[in-house]
Amino acid sequence: MMQFMLLFSRQGKLRLQKWYVAHPDKLKKKITRELITTILARKPKMCSFLEWRDLKIVYKRYASLYFCCAIEQCDNELLTLEIIHRYVELLDKYFGSVCELDIIFNFEKAYFILDELMLGGEVQETSKKNVLKAIAAQDLLQEDEAMEIALRDVGLL
Amino acid sequence: MPAVRGDGMRGLAVFISDIRNCKSKEAEIKRINKELANIRSKFKGDKTLDGYQKKKYVCKLLFIFLLGHDIDFGHMEAVNLLSSNKYSEKQIGYLFISVLVNTNSELIKLIIQSIKNDLGSRNPIHVNLALQCIANIGSREMAEAFGSEIPRLLVSGDTMDVVKQSAALCLLRLFRTSQDIIPGGEWTSRIIHLLNDQHMGVVTAATSLIDALVKKNPEEYKGCVSLAVSRLSRIVTASYTDLQDYTYYFVPAPWLSVKLLRLLQNYTPPAEDPGVRGRLNECLETILNKAQEPPKSKKVQHSNAKNAVLFEAISLIIHNDSEANLLVRACNQLGQFLSNRETNLRYLALESMCHLATSEFSHEAVKKHQEVVILSMKMEKDVSVRQQAVDLLYAMCDKSNAEEIVQEMLNYLETADYSIREEMVLKVAILAEKYATDYTWYVDVILNLIRIAGDYVSEEVWYRVIQIVINRDEVQGYAAKTVFEALQAPACHENMVKVGGYILGEFGNLIAGDQRSSPAVQFQLLHSKYHLCSPMTRALLLSTYIKFINLFPEIRTQVQEVFKQHSNLRSADAELQQRASEYLQLSIIASSDVLATVLEEMPAFPERESSILAVLKKKKPGRVPENEIKDSKSPTPLNNNHTNDVNNTSTNSADLLGLSTPPTSAPNSGNTGVLLDVLGDIYSGKSVNSSTSSNKNWFVDPKKFVCKNNGVLFENDLIQIGVKSEFRQNLGRLGLFYGNKTNAPLQNFFPTMQWSEENNAKLSIQIKPVEPILEAGAQIQQMINAECIDDYTDSPSISVSFVCNKVPHKINIKLPLTINKFFEPTEMNGESFFARWKNLGNTNQQRSQKIFKATAPMDLQAAKTKIIGFGMQLLEGIDPNPDNFVCAGIIHMRSQQVGCLLRLEPNRNAQMYRLTVRSSKESVSVELCDLLVDQF
């Protein structure tokens, strides 16, 4: 089971955090600081996996963003790399060649997409099509509501 | 500003831009504070905020939180949003709750009804929002509220696939919090049959759930094996177009495949059903075959997904450990990866091979790759990969290659990374001992270790070499000669001085015949290092010197001169001063006969498992270091909870030191377990007298009985005293068992209580008299009744006096009657625990706290056993940090009952504990704290 996922920039700024186990805020901050420092200190050609406490850390860098997941001993490292990749693909498809700014300005969307891909620390839906379909349905609901408000405002409804 | 879909919130985007434009940290904080004030006033004052505005402000709060600031308001607004009937508002409400709310929040109660409504909605998007929220929070309350609803959603015929997927994982999350949530009976087969579902997404989610259920109840879910094998077989034989969007970079359903392979690792190969077994082996062979095919794509995603499945298949092959053919093929495949250009693959291949090395079928095949692995250890650029190589060398080491592997590891140690040196030293020490056929080789290896990596050689390692030398006559002369040579190096490590000092003190006489290592030369050589050493080592050297006086009377005056020098103020350390003056007196007063007896060669140590191994196991709690070839598996289902097993085998912290309980320990040496203390105390004034009558006392630390009720209280050559006790409410009954170990009766046998009148008013003790004679070889029992009347400290002692062979003896022992024995464990939930905890913490008078260093490397399993033995109820799963222990209990006294709460917080990094006790009575808190403080 994945215990948490962190997205942070090359400057060490946390961009997104998703915790699948309950920790007090203080501990979360401590863990985050520790891992960001550790990972930023690693060289590009190094292995993407490392042992950390009793967990395994899997990380990968995409442009200016690092994606870092903590998984348990029995979980599969290589496939965790591909969860990260699938998530990046989803963001990319949704935002249209995603960049760090998209995630900063639309962090809530980044969360919604992640919630479709993963639930409770396990992979929920690996099909790109299905995830995007679910997100599109959410957007549609929102847009309908926005339209309704607009129509009401101008007195058409 | 990038374009936003759905319905963008302009105000939010502007705020984010503002923050990004801040030039300094201060400016950012200023901007945030301004915004927080604004939002606060909006939430407080204006009741007419519409949904959109609420949503916008809650989003801003979320953003501020994600920047790392604390947010302490806005929760109610989020709860409002969550129950809105507008989806866009609801979604933000849910997001805020999921991100910001911790498991134990009061808020959860407020949202349960809204979640219930959404769960019952006809719109699957709403249902999924509710499910995601439940899974994100996953508290016990959630489990109670939705425990019956979610299983129904999962198996119902009219639930949509997307909802089923979420329901399966949501249920899994709740199952992890409270295991009783899963209904049994007919549900079992309905859940298992989700493996046959049409929708791949449903099967993927359900497999995770089933894997967890199987771990709890393998027998009940056995039916999943054949279904999982069939499903797997369909996937591995599918072409990459068959599974459409579930094919990932030309690999059919890698996630589902890996989950199925993992699920199957909960069982041993289905021996009773050859069909299933055959099909499974076909699957595994197909996966191995595919690994040999040329890649269908050059993208790393393709190779990662393909190899993820391959590694998982190999894990299953190793787990099954029954098909020699598959094991050897797996090994060859991993061998190819060892020289792959992808670092990730080399890392995983080394790791996986470690497990293969422990199978009798593939051990030899792994050994073929020894050279490459040695190269990896030396050449890899990434230290974590080098570490894996070291682990693998350790695992593949056996009699045939031990000398070579140990030599290579020693060579590498000279340049190895600091981060892995200590562990390497332990591994080399273990291998050298385990595969030594010739103990001179072993001695050489350990001395080399000290020479090359002296700073990383822990006490356990040099204790061990001394134990082995003392126990093996054939190597003693060689050891003396070798340490003597090693000590001649101009810069030799202090650990070498310790080993050298000890060994020459015992066996220096064996090389004294040679003029080059005559007694005087030995003495001068050792003493030339004295001034460079720490007080600990100096103390050890002083003990060596006194032993020299016995071995070599001819250098007596020289040695006495040194004692004289150090017995006065020039020796700043009190311990050294005392040692020197006592040794000096001993050498002056005692006759040579007495000296010869007192300073006799150390007796052999009891044979035991290497204490170093225990240290290594503790260093790596997550991963089991293995250098043991397993037997093939028996065909029973098993829980693969390896970590726990390992912890259980190495619980006793005293075993670590190996030397802490040698046959000649001294009554007041406590638990220091250091060699030189063992020597020192025997020869210090007081003990010399008493040790003539009974020089073999197995001293038992009274603190040991704080956390247990039965065991041996005291033992020496004459007598063994055991105790059994039971407690109910404020009453206790102790049975003491006296066993006469000699061939003569013990006469005038009188145990008497040592417990003042004043104390007796608090803890009343009644002792039944016993016969004044304890016959040879006989055992008698004495009953003691105790009643706790008021709170007290310390515990009563009993003084046992008797005459054996006309020599009078007297033994004082503490009884295990500390106040914690009158505990009644109290079960309570997290909420009431922390409510009481807060209440009791209000005044300093009611709590007591100690922060202390762990006495041995931390072992939480052992700590747990002790905590439970202490008598309170261990409340598991309520502290947010799973490492912490929290307990509750009531102490029963005749006059009153005192409720107590305890929290023990281990800090692994600092190797420290913080212990807090809170109770309604300060004196009780303090005493409980004192009792427990040295236990861990």
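The values are calculated or read from the model by the stated rules, or taken from the named source; none is laboratory data. In this text, all values refer to a predicted model and were calculated from it rather than measured experimentally. Ideal geometry is used to build each Cβ from the backbone, glycine not excepted, and the neighbour counts take in all protein chains shown.
Taking the stretch B:470-492 as the range and being over 17 Å from B:GLN524 (Cα atoms) and not polar (S, T, N, Q) as the test, the residues that pass are B:ILE470, B:ARG472, B:ASP473, B:GLU474, B:VAL475, B:GLY477, B:TYR478, B:ALA479.
Contact map, the stretch B:814-843: residues that are assigned by TED's automatic domain parsing to the domain that holds B:MET753 paired with residues that are exposed (fewer than 15 other Cβ atoms within 10 Å of the Cβ) and among the small types (Gly, Ala, Ser), Cβ distance under 6 Å, separation 6+ or inter-chain. No pairs are found.
Comparison of B:LEU817, B:LEU860, B:LEU875 shows that the only residue that is surrounded by 16 or more Cβ atoms within 10 Å (Cβ to Cβ) and in contact with a Phe, Trp or Tyr (Cβ under 7 Å, 6 or more places away or on another chain) is B:LEU875.
In the set B:MET9, B:MET1, which member is over 30 Å from B:ASN117 (Cα atoms), within 14 Å of chain A (Cβ to nearest Cβ) and modelled with pLDDT under 85? Working first, answer last.
Values: B:MET9 fails: over 30 Å from B:ASN117 (Cα atoms).
Answer to the selection: B:MET1.
Within the stretch A:59-77, count every residue that is at the interface with chain B (Cβ under 8 Å from one of its Cβ atoms) and farther than 19 Å from B:ASP382 by Cα. Residues flagged as at the interface with chain B (Cβ under 8 Å from one of its Cβ atoms) and farther than 19 Å from B:ASP382 by Cα within the stretch A:59-77 amount to 3. Out of the residues in the stretch B:9-44 meeting the condition of being of a type in the set (Ser, Thr, Tyr) and assigned to a helix (DSSP H, G or I), tell me which one is surrounded by the most Cβ atoms within 10 Å (Cβ to Cβ). Restricting to residues being of a type in the set (Ser, Thr, Tyr) and assigned to a helix (DSSP H, G or I), the top hit is B:SER17. Screening B:ILE511 with (1) of a type in the set (A, V, I, L, M); (2) farther than 27 Å from B:PRO606 by Cβ; (3) surrounded by fewer than 21 Cβ atoms within 10 Å (Cβ to Cβ) gives one miss only, at (3). Restricting B:MET893, B:MET872 to residues that are touching a Gly at 6+ places or on another chain (Cβ under 8 Å) and more than 14 Å from chain A (Cβ to nearest Cβ) narrows the list to B:MET872.
The criterion of being within 11 Å of chain A (Cβ to nearest Cβ), assigned to a loop (DSSP other than H, G, I, E, B), under 24 Å from B:LEU66 (Cβ atoms) and touching a residue at least 12 places away in the same chain (Cβ under 8 Å) does not hold for B:SER88.
Mind telling me which of the residues B:GLN578, B:GLN558 ends up being of a type outside the set (Asp, Glu), closer than 23 Å to B:VAL521 by Cα and either touching a His at 6+ places or on another chain (Cβ under 9 Å) or part of a helix (DSSP H, G or I) (or both)?
Working: B:GLN578 fails: closer than 23 Å to B:VAL521 by Cα.
None of the other options fit; the residue is B:GLN558.
Applying a threshold of 8 Å to beta carbon distances and a minimum spacing of six or more residues, or different chains, the list of pairs starting in the stretch B:9-27 at a residue that is among the polar types (S, T, N, Q) and ending at one that is exposed (fewer than 15 other Cβ atoms within 10 Å of the Cβ) reads B:SER17/B:MET1.
Yes or no, residue by residue, for (1) in a loop (DSSP other than H, G, I, E, B); (2) within 9 Å of chain B (Cβ to nearest Cβ); (3) modelled with pLDDT of 95 or more:
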{"residue": "A:LEU50", "(1), (2), (3)": "no, yes, no"}
{"residue": "A:ILE57", "(1), (2), (3)": "no, no, yes"}
{"residue": "A:LEU79", "(1), (2), (3)": "no, yes, yes"}
{"residue": "A:VAL88", "(1), (2), (3)": "no, no, yes"}
{"residue": "A:GLU108", "(1), (2), (3)": "no, yes, no"}
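A:LEU101 satisfies every condition listed in (1) of a type in the set (A, V, I, L, M, F, W, C); (2) more than 7 Å from every other protein chain (Cβ to nearest Cβ); (3) surrounded by fewer than 21 Cβ atoms within 10 Å (Cβ to Cβ) except (2). Of all residues in the stretch B:446-485, those satisfying the criterion of being touching a Phe, Trp or Tyr at 6+ places or on another chain (Cβ under 8 Å) and of a type in the set (A, V, I, L, M, F, W, C) are B:ILE446, B:ILE450, B:VAL465, B:ILE466, B:ILE468, B:VAL469, B:ILE470, B:VAL475, B:ALA479, B:ALA480. Residues in the stretch B:375-401 that are hydrophobic (A, V, I, L, M, F, W, C), more than 10 Å from chain A (Cβ to nearest Cβ) and under 30 Å from the mean Cα position of the chain (by Cα) were compared, and the one that is nearest to B:TYR439 (Cα to Cα) is B:CYS397. Here the stretch A:110-134 is the region considered, the condition is being facing chain B (nearest Cβ under 9 Å) and aliphatic (A, V, I, L, M), and the residue that is farthest from A:LEU65 (Cα to Cα) is A:ALA134. Is it fair to say A:ASN76 is buried (at least 20 other Cβ atoms within 10 Å of the Cβ) and either under 14 Å from the mean Cα position of the chain (by Cα) or touching a residue at least 60 places away in the same chain (Cβ under 8 Å) (or both)? No; evaluated as a whole, the condition is false for this residue. Only one of the numbered conditions (1) in contact with a helix residue (DSSP H, G or I) (Cβ under 7 Å, 6 or more places away or on another chain); (2) more than 14 Å from every other protein chain (Cβ to nearest Cβ) is violated by B:ALA324, and that is (1). Of the residues contained in the stretch B:159-171, none is found to be within 14 Å of chain A (Cβ to nearest Cβ), within 21 Å of B:GLY223 (Cα to Cα) and at pLDDT below 85. Here B:LYS298 clears all of (1) more than 35 Å from the chain's Cα centre (by Cα); (2) part of a helix (DSSP H, G or I) except the condition numbered (2). Scanning the stretch B:729-746 for residues that are assigned to a strand (DSSP E or B) and modelled with pLDDT under 85 gives no hits.
A quick yes/no check of all residues on (1) surrounded by 12 or more Cβ atoms within 10 Å (Cβ to Cβ); (2) without any contact (Cβ under 8 Å) to a residue 60 or more places away in the chain:
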{"site": "B:TYR545", "(1), (2)": "yes, yes"}
{"site": "B:ILE549", "(1), (2)": "yes, yes"}
{"site": "B:GLN558", "(1), (2)": "yes, yes"}
{"site": "B:ALA574", "(1), (2)": "no, yes"}
{"site": "B:LEU586", "(1), (2)": "yes, no"}
{"site": "B:SER592", "(1), (2)": "no, yes"}
{"site": "B:THR597", "(1), (2)": "yes, yes"}
{"site": "B:ALA604", "(1), (2)": "yes, no"}
{"site": "B:LEU616", "(1), (2)": "yes, no"}
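Report yes if B:ALA206 is more than 9 Å from chain A (Cβ to nearest Cβ) and crowded, with 24+ Cβ neighbours inside 10 Å, otherwise no. The answer is yes for B:ALA206.
Among the residues making up the stretch B:45-55, those that are within 14 Å of chain A (Cβ to nearest Cβ) and surrounded by fewer than 20 Cβ atoms within 10 Å (Cβ to Cβ) are B:ASP50, B:GLY51, B:TYR52, B:GLN53. Applying the set (1) surrounded by fewer than 23 Cβ atoms within 10 Å (Cβ to Cβ); (2) not in a loop (DSSP other than H, G, I, E, B) to B:ALA330 leaves exactly one unmet item: (1).
Just the residues that are among the hydroxyl-bearing types (Ser, Thr, Tyr) and under 14 Å from B:TRP187 (Cα atoms), please, taken from the stretch B:198-221.
Here is the first cut: in the stretch B:198-221, the residues among the hydroxyl-bearing types (Ser, Thr, Tyr) are B:204, B:207-208, B:221.
Within the stretch B:198-221, just B:TYR221 meets the criteria.
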